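Right, one structure below, let's go through it.
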Amino acid sequence: MSGPRKLFVKSYGCQMNVYDSNRMADVLAPHGFIETAAPDGADLVILNTCHIREKAAEKVYSELGRIRKLKEAADRSNRHMLVAVAGCVAQAEGGEILRRASVVDLVLGPQSYHRLPDLIDRVAREGRVVDTEFPVEDKFDFLAPPSREATRARGVTAFVTVQEGCDRFCTFCVVPYTRGAEVSRPVAQIVAEVERLAAAGVREVTLIGQNVNAYHGAGPGRAEWTLGRLLHRVAEIEGIARLRYTTSHPADMDDSLIAAHRDVPQLMPCLHLPVQSGSDRVLAAMKRRHTRTRYIEIVERLRTARPDLALTSDFIVGFPGESDEDFHETVTLVDHIGFAGAFSFKYSPRPGTPAAVMADQVSDEIKVERLARLQAAIDRHQAAFNARTLGMTFSVLLEKPGRHPGQLVGRSPYLQPVQVMAPPDLIGEIVAARIIEVGPNSLFGVLDEPLKPMRPQRAALAVAGA
Ligand code: SAM
Ligand code: SF4
């Protein structure tokens, strides 16, 4: 294809999809596609979908209804708009999407992104195409790196996929079916990608994967490296001042990773460690392969390694068979750990997963009521955590202009948005900011002095349970 064409990519769901959307834009850039912020007038619209819960999947079909109107308008003005559905809904539903949505020209699964230019040509030649194969080649060997300008435009923080897929098969989860078996990228490939990002001005990197701490990629000499070891290596890269990783499974928190929280100063004191439930009976039915006690032990070891560590988590309420007592155990676990924040979801039966056909499905009414009670407990702890930052000074990576003139917004080590008055040339700098106000959605700070050279300091936030 030649000549500039407008590309609109919309991401649903997790950070993996945000990363994949950027990679799709990078693959298409050499073929003349330029990203645009709105679907109107686009030559190619890609919806990068999420299948984790039913609501996430259904959103795609309502968006396709809106896109259909735009495509009809394009047809009327003799322009062609190509519509692609990518991601996990594409992988799970394949050709069914073409049947349900006549507007769609191309359906491609997460393992086919490197083939996008060819697939677009195939649509032009043959009409509608579905590609949800798990190819033998490694897509990461073929994915084009972003240009320096594209990296810059995406800001000073970046995600880097280090592993994909999952072999754990928790009974509620579609990921092992839509993303396939667990695959770790080799260390050299990851280091090269982070070096490129750092050279373009990225200061903070989040290593991502569906089960990121199952990482076991080939290091030099082909020895398998753990995530802990990889974090040490990535921390050596000049310019990378902050590291994070997500999302982790408690059973894969090995000694090297726990030690990295003590030994790698660039690793931010903030960890998302989904527990799903506080009840051993439910955890066993979910096949989570850890108990409540084991989870608490892991958290204690992490807090010993890094006393100012803030923990966040994911919870599912209304898993099949969850009783009032089971649910109560989840609430008491929230109080015991004192999470700095958490996502909580109503259990959503996913076709093809074991839990979807379990007896004792919980009614929506009970799920709604439990979700509200759990969220209230989580909100209480989150508010208490944020309140404790008042008067504290910590490092803030300034990311972009804030809402008001003269304001910049950045992130604390704990991922809280922090608004400060600061000149725009400080974007990309790590500054010391003293928190003077705690709002419902962000913190407000005043600048001390730029921290140079940057050393993430230990903010010593007490995060133990209330
Ligand atoms: N790998 C992570 C782990 O082991 O916990 C989770 C990744 S998953 C993409 C993100 C979250 O979605 C899960 O932690 C879980 O809370 C939620 N989730 C997954 N399947 C779900 C389902 N069927 N219904 C409701 N929530 C679900
Ligand atoms: Fe899904 Fe996470 Fe369980 Fe893997 S470990 S099956 S991604 S919930």
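The condition (being over 22 Å from Thr151 (Cα atoms), in a helix (DSSP H, G or I) and more than 16 Å from ligand 2 (Cβ to nearest atom)) is satisfied by just one residue among Arg294, Arg233, Arg303: Arg303. Within the range 202-229, the set of residues being in contact with a strand residue (DSSP E or B) (Cβ under 9 Å, 6 or more places away or on another chain), outside any strand (DSSP E or B) and closer than 24 Å to Cys173 by Cβ comprises Gly209, Gln210, Asn211, Val212, Asn213, Ala214, Tyr215, His216, Gly217, Leu227. Residues of the range 247-283 that are of a type in the set (A, V, I, L, M, F, W, C), surrounded by fewer than 21 Cβ atoms within 10 Å (Cβ to Cβ), away from ligand 2 (no atom under 14 Å from the Cβ) and not in a loop (DSSP other than H, G, I, E, B): Ile258, Ala259. Can you work out which of the residues in the range 306-341 that are outside any helix (DSSP H, G or I) and of a type in the set (S, T, N, Q) is farthest from Ala355 (Cα to Cα)? Per the stated criteria, the residue is Thr312. Just a yes or no: is a residue in the range 123-141 in contact (Cβ under 8 Å) with a residue 40 or more places away in the chain and within 16 Å of ligand 1 (Cβ to nearest atom)? Checked against the condition, which is being in contact (Cβ under 8 Å) with a residue 40 or more places away in the chain and within 16 Å of ligand 1 (Cβ to nearest atom), the range 123-141 yields no hits at all.
In the condition set (1) within 12 Å of ligand 1 (Cβ to nearest atom); (2) surrounded by 21 or more Cβ atoms within 10 Å (Cβ to Cβ); (3) in a helix (DSSP H, G or I), Asn386 is compliant with all but (1). Which of the residues that make up the range 145-184 are surrounded by fewer than 21 Cβ atoms within 10 Å (Cβ to Cβ), in a helix (DSSP H, G or I) and within 16 Å of ligand 1 (Cβ to nearest atom)? Listed by number, the residues that qualify are Pro176, Tyr177.
Applying a threshold of 9 Å to beta carbon distances and a minimum spacing of six or more residues, or different chains, the list of pairs starting in the range 354-379 at a residue that is under 24 Å from Val175 (Cβ atoms) and ending at one that is surrounded by fewer than 15 Cβ atoms within 10 Å (Cβ to Cβ) and hydrophobic (A, V, I, L, M, F, W, C) reads Pro354/Phe169; Ile378/Phe343.
The conditions of being within 20 Å of Arg152 (Cα to Cα), in contact with a Leu (Cβ under 9 Å, 6 or more places away or on another chain), without any contact (Cβ under 8 Å) to a residue 40 or more places away in the chain and outside any helix (DSSP H, G or I) are met by Lys6. Against the criterion of being over 30 Å from Glu300 (Cβ atoms), more than 16 Å from ligand 2 (Cβ to nearest atom) and surrounded by fewer than 19 Cβ atoms within 10 Å (Cβ to Cβ), Glu325 does not qualify. Among all positions in the range 361-368, there is no residue which is within 24 Å of Cys270 (Cα to Cα), at pLDDT 95 or above and touching a strand residue (DSSP E or B) at 6+ places or on another chain (Cβ under 6 Å). The single condition from (1) buried (at least 20 other Cβ atoms within 10 Å of the Cβ); (2) over 23 Å from Val205 (Cβ atoms); (3) in contact (Cβ under 8 Å) with a residue 24 or more places away in the chain that Arg244 fails is (2).
Residues that are in contact with a His (Cβ under 6 Å, 6 or more places away or on another chain) and either within 16 Å of ligand 2 (Cβ to nearest atom) or in contact (Cβ under 8 Å) with a residue 40 or more places away in the chain (or both) do not occur anywhere in the range 144-156.
The values are calculated or read from the model by the stated rules, or taken from the named source; none is laboratory data. Values in this document were obtained by computation on a predicted structure and should not be read as measured data. Here the Cβ is made from the backbone with ideal geometry for all residues, glycine too, and neighbour counts use every protein chain on show.
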